[in-house]
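Asks: The structure that follows is given in the form of structure tokens.
Any read-out appearing in this document is the output of simple, stated calculations on the displayed coordinates, not a laboratory observation. As the structure is a computational prediction, the values presented were derived from the model and not from experiment. Here Cβ is always computed from backbone atoms with ideal geometry, including for glycine, and neighbour counts include all displayed protein chains.
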2 protein chains.
Amino acid sequence: MTNGKAGKRTGRAKRQAAPVARKVNYRQLKNSFSPQEIYSHDEVENLHNTSLKVLKDLGIRVLLPEARKIYQTGGARVVEDMVFIGPELVQEALKSAPSSIELLAPNPICNQVYEEGTLLFTPAGGCPNVYDRVRGRSPGSIDTYRDAIKLSQSFDIIHKNPMAPEPQDIPVNLRHLSTIEAQLTLSDKLMTAFARGQGQAEQTFAIIQTAIGLSDEDFANGVWVSAVINSNSPRMLDIPMARGIIDFARAGQMTIITPFCLAGAMAPVTVSGALVLQHAEALAGIVLSQLSKNGAPVSYGGFSSNVDMKSGSPAFGTPEHLKMQLGGGQLARYIDLPWRSAAGSASNISDAQGAHENIMGVWGAVLGGANMVIHGAGWLEGGLTFGFEKFICDIEALQTIAEMFEPTLADDASQAYTAIEDVTPGGHFFATQHTMERFDTAFYSPLVADLENHGNWESKGSLTANERATEVWQKTLNNYVVPKGSLEISENINDLIIKFKEEGGASPESG
Amino acid sequence: MTNGKAGKRTGRAKRQAAPVARKVNYRQLKNSFSPQEIYSHDEVENLHNTSLKVLKDLGIRVLLPEARKIYQTGGARVVEDMVFIGPELVQEALKSAPSSIELLAPNPICNQVYEEGTLLFTPAGGCPNVYDRVRGRSPGSIDTYRDAIKLSQSFDIIHKNPMAPEPQDIPVNLRHLSTIEAQLTLSDKLMTAFARGQGQAEQTFAIIQTAIGLSDEDFANGVWVSAVINSNSPRMLDIPMARGIIDFARAGQMTIITPFCLAGAMAPVTVSGALVLQHAEALAGIVLSQLSKNGAPVSYGGFSSNVDMKSGSPAFGTPEHLKMQLGGGQLARYIDLPWRSAAGSASNISDAQGAHENIMGVWGAVLGGANMVIHGAGWLEGGLTFGFEKFICDIEALQTIAEMFEPTLADDASQAYTAIEDVTPGGHFFATQHTMERFDTAFYSPLVADLENHGNWESKGSLTANERATEVWQKTLNNYVVPKGSLEISENINDLIIKFKEEGGASPESG
């Protein structure tokens, strides 16, 4: 090769072509790990049957009269507010509930097939508070909620928008309007709503339908939004939750039936006992959804963990939590429904404990074959606070998991025999052609990890990952790009939102 | 039941009997997870064959003349310092190397069966420095080494003593004496030595033999100590490492042949390429061990990861590291040898990054079916520093994993139907008999996690896990108990150690 102009041109051309960013599809994940089991097949069947006995003989307290009526009409025995559900009713519901659900987003590249083998990550949900190192800890606001949506939009590894931090500066009768507006205009990913009464659900559905420009039929035939339904363990379904199951099912939208069974508190102290209760309550919700509309999209949910023996607080990422994730996955596969699990952290800050808890829970979910991991990023204080630095640190874990799902090439070039031949014993591979051709794209590039040596790290201020994460979320917000179509959606829904607001929105139902 | 004396007596008797501490056997672990794979069977075979081709056609540079002679006598082709090993030689070595190795400790309850399905954890190894929040960062010393041994002794989840932090205040010719003395007198667990020359190995063996009171035959027939052998990737075996393989094999002690293949630096930039090199180098070491003594205990080792693209530093807990753990496990099982993997952290401090890196690596090892996880606790700065707080935070992760291996009861009592019956809908299980009977032992009790609510946590100083861990290691050292038999061992070896010291110990070999 000659020096001079030609050489330089080649050099420049190379540089221009060079930053071929590593391309790994984080948007649609296929879990390549085989599910791990804590029970034999017989034991799973046994647990399922015990749950059926709980439903049939002990029953579940249902506070919404309309729900009790639906159960009764469907064949359940109702005594006052207690509903006793026979196994044949459960069987029918499990037959009609779909095993594969297509979840639709404003941007079709964010659509997901929710079924065995696929995996979705969602950020922290349900947090009343928000924390970051710059603004401190405070009640959630619409501004911080919008920031959380922007952060979620900025990482492909997040598949579904959060309902946190909860914008407490918006009156409760209008909050559902502000949150769905933020999701629709700042993001093009899967949408999330709270189940807080019929009025709120109907307005949310109408806004989505108008935003996307869907006919009534198109909306009803596609799953555009989902809500988490938490039973009041043990054995109780309150008014807004039962209402949500009915309204979402009738509208063809998905509910995620998720008992929050804390072993030793709202659930038996044993892993198997907590799972029996979780399973019974989830089945009760699934039955109500199918009786409300045959074939309605409904997800099995499990978020069972244990209380800490010292403080009585919920604990996460514990061995018991992970076991319930593995066992919960076995129960979900037994009834052939997609299922959500949850990670999250009880830590008060994004430190070693916070990472430990969340990463353990993420692995529990992944190895339990969960199809959706809720609270996968940003959940502090057992869900009381959405942490921005925590969100960033957790994204690193989710991305690491996603990278593991990529097939590992084992062809001749990847086995690198000739590269090994090229390097003398004791030499190095830095400059071999094999390395040069792949170096830019060979490895996952960390988001927040600092791999500098101790001297460099110290000279830059000895920052912890928590401290470094501040700059990362700030940069991410600065670089945030409004999704295509946002302006159009904004125009589509503007009048409707004004109208709903003028009408006073919709009050949440309680009880 | 009557009040008064009888009742009180019962109460007291109950209290005395009450604190039935949770008993989970951390000492001998059976990995209950099924190994996860990144390669098909054909691909594994293919990688193995490429490694054989590397050994046969490209060869490995061996710096120790005696080792080259052993290879040559065994049938390898030797040209100057290059050794070319044919597949039949590898095949023979794999036939004679044992698949199951009993590892012996001064206390038989610390013995381990090292084979497919079992799992050992060892702390950080090879660290020149030590860090804790009280004394800061400094070169390792005999005092801090002794502290590390005491900490390792105090947690059942640690199965084997570390060779770190390295006591740099002891001259190199005496260091092997001080470290084995510390292990033998402060601990009753599996022992570890460096392979730094024949003189050091022989003195170490003699001390162990004298300490335990073993005949020559008993010592030779039991595996009492092991050493990690790092090849100088790519394709080089230096003098102390080759020496170590020969000496340990002849003495019937175990070497753990562990190429440290950093993809993109000392190894090809691809996962499969790095594994081909790792596998070839490991096989070369295994062949030397078997040619030195047929049937000598030898462990397959894999510690391959990638360099960070920004800093050029080794990275850990990355997707590539984990993939190499899973693939490394497949190669180890293909040749039917027990194998060691490694976790560890590049982080400079025990923070979210440190937890992330180590926990990811621990999961990679566990899911890769590793039988020994080295650097499982306390490895900071990519191994440059043994961190006391990091050690404590990492112990929490190892204990969580171990708890997962405990069978989950699914009998009637564990399914808790009657407990569920006992609690009214919306009630709680705190005070049920089912809970009371199990509460003390139901859950893993965290070591460093703080599950207090935000207010309590803040009022106690908003301590991070790293900060809280200081108190934990301090308490652990305060509560450290010298193992039974320590005094006797001390008396047994006293004269011999004085003698070796007077003779000037033994200089390390290099080159």
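Asks: For the stretch A:65-404, compute the number of Lys pairs whose alpha carbons are separated by less than 16 Å, excluding pairs fewer than 8 positions apart on the same chain.
Replies: Close lysine pairs found across the stretch A:65-404: 6.
Asks: Name the residues whose placed amide hydrogens come within less than 5 Å of the amide hydrogen of B:G301, ignoring near sequence neighbours (fewer than 5 apart) on the same chain.
Replies: B:I257, B:R340
Asks: Compute the long axis of helix A:486-502 from its Cα atoms, compare it with the longest principal axis of the Cα atoms of chain A, and write down the angle in degrees, 0 to 90, nearest 10.
Replies: Tilt of helix A:486-502: around 30 degrees.
Asks: Nearest 500 deg cm²/dmol is fine: what mean residue ellipticity at 222 nm does chain A get from its DSSP H runs of n ≥ 4 alone, each adding -39,500 (n - 2.57), divided by its residue count?
Replies: Calculated mean residue ellipticity at 222 nm is -14500 deg cm²/dmol.
Asks: Sort shortest first the distances from A:S507 to its counterpart in every other copy, using label points 7 Å along the Cα-to-beta-carbon line, and give them in nm.
Replies: Those label-point separations list as 9.1 nm.
Asks: What average count of beta carbons from other chains do you get within 10 Å of the Cβ of residues in B:439-445?
Replies: Values: counts 4, 1, 2, 10, 14, 8, 4.
Counting Cβ atoms of other protein chains within 10 Å of each residue's Cβ and averaging gives 6.
Asks: Next question. As I understand it, the dipole of the stretch B:65-404 uses +1 on the Cβ of Lys and Arg and -1 on the Cβ of Asp and Glu, about the Cα centre. Which of B:A267, B:T210, B:G383 lies farthest toward its positive end?
Replies: The residue sitting farthest along the positive end of the dipole is B:A267.
Asks: Mind checking B:230-241 for the average number of partner chain beta-carbons within 10 Å of each residue's beta-carbon?
Replies: Mean shielding count: 3.
Asks: Whole-Hz Karplus ³J(HN,Hα) for the stretch B:243-253, in order, using 6.51 cos²θ - 1.76 cosθ + 1.60 and θ = phi - 60°, x for Gly and Pro?
Replies: 4, x, 4, 5, 5, 5, 4, 4, 8, x, 9
Asks: Next up: Compute the signed sum of charges (Lys and Arg +1, Asp and Glu -1) over the other residues within less than 14 Å, Cβ to Cβ, of B:G368.
Replies: Once positives and negatives cancel, what remains is 0.
Asks: Please compute the average number of Cβ atoms from other chains found within 10 Å of each residue's Cβ in peptide B:426-436.
Replies: 5
Asks: Right, another one. Taking the DSSP beta bridges in chain B as the whole, what percent of them are antiparallel, to the nearest 5? Mind dumping the intermediate values first?
Replies: On the way: 18 of 45 bridges.
About 40 percent, rounded to the nearest 5.
Asks: While we're on this one: Cβ neighbours within 10 Å, averaged per peptide: list A:398-406, A:231-239 in order, most packed at the top.
Replies: My ranking of the peptides, most packed first, is A:231-239, A:398-406.
Asks: Another question, if that's okay. Among chain B residues, which Cβ is nearest the axis of the B-onto-A rotation, and at how many Å?
Replies: Closest to the rotation axis on chain B: B:A355, 2.
Asks: Next up: So the label point sits 7 Å from Cα along the Cα-to-Cβ vector; using that for A:H41, what distances do you get to the other copies, in nanometres, sorted shortest first?
Replies: 2.2
Asks: Could you tell me the calculated FRET efficiency between B:D336 and B:A220, based on Cβ-Cβ distance and R0 = 22 angstrom, to the nearest 0.05?
Replies: Plugging the Cβ-Cβ distance into 1/(1 + (r/R0)^6) gives 0.35.
Asks: Now, a different point. Please order B:I349, B:I498, B:I245, A:I212 by the number of other Cβ within 10 Å, starting at the fewest.
Replies: Ranking B:I349, B:I498, B:I245, A:I212 by Cβ neighbours within 10 Å, fewest first, gives B:I498, A:I212, B:I349, B:I245.
Asks: Oh, and also: With a Förster radius of 56 Å, plug the Cβ-Cβ distance of B:Q91 and B:S507 into 1/(1 + (r/R0)^6) and report the FRET value to the nearest 0.05.
Replies: For R0 = 56 Å, the calculated efficiency reads 0.90.
Asks: Taking the Cα-to-Cβ direction at A:S459 and at A:D495 and moving 7 Å from each Cα, how far apart do the two end points lie in nm?
Replies: So the label points at A:S459 and A:D495 sit 6.4 nm apart.
Asks: Let me ask something additional. Hey, how many Å between the Cα centroid of the stretch A:154-182 and the Cα centroid of the stretch B:433-479?
Replies: 34 Å
Asks: According to a simple spin-label model (label point 7 Å from Cα along Cα-to-Cβ), what is the distance in nm between A:I109 and B:E115?
Replies: A separation of 5.4 nm, rounded to one decimal place.
Asks: Quick one: with label points 7 Å out along Cα→Cβ, list the inter-copy distances for A:D216 in nm, shortest first?
Replies: In ascending order, 9.8 nm.
Asks: Can you give the FRET efficiency to the nearest 0.05 for B:L487 and A:D440, using r as the Cβ-Cβ distance and R₀ = 56 Å?
Replies: Once rounded, the FRET efficiency stands at 0.40.
Asks: Along Cα→Cβ, 7 Å out, is where each label goes; now give me the distance between the ones at B:H428 and B:S40 in nm to one decimal.
Replies: 5.6 nm
Asks: What number comes out for the charge environment of A:F500, summing +1 per Lys or Arg and -1 per Asp or Glu over other residues with Cβ under 14 Å away?
Replies: Taking every Cβ under 14 Å from that of A:F500, the sum is -2.
Asks: Could you work out the local net charge near B:A195, counting Lys and Arg as +1, Asp and Glu as -1, over the other residues with Cβ closer than 9 Å to its Cβ?
Replies: +1
Asks: Quick one: 3J(HN,Hα) in Hz for the stretch A:458-468, Karplus 6.51/-1.76/1.60 with θ = phi - 60°, rounded, Gly and Pro as x.
Replies: For the stretch A:458-468, the Karplus-derived couplings read 5, 5, 8, x, 6, 6, 7, 4, 4, 5, 5 Hz, x marking Gly and Pro.
Asks: Helix B:271-292: angle to the longest alpha-carbon principal axis of chain B, degrees 0 to 90, nearest 10?
Replies: Taking the Cα atoms of chain B, the angle to B:271-292 is about 70 degrees.
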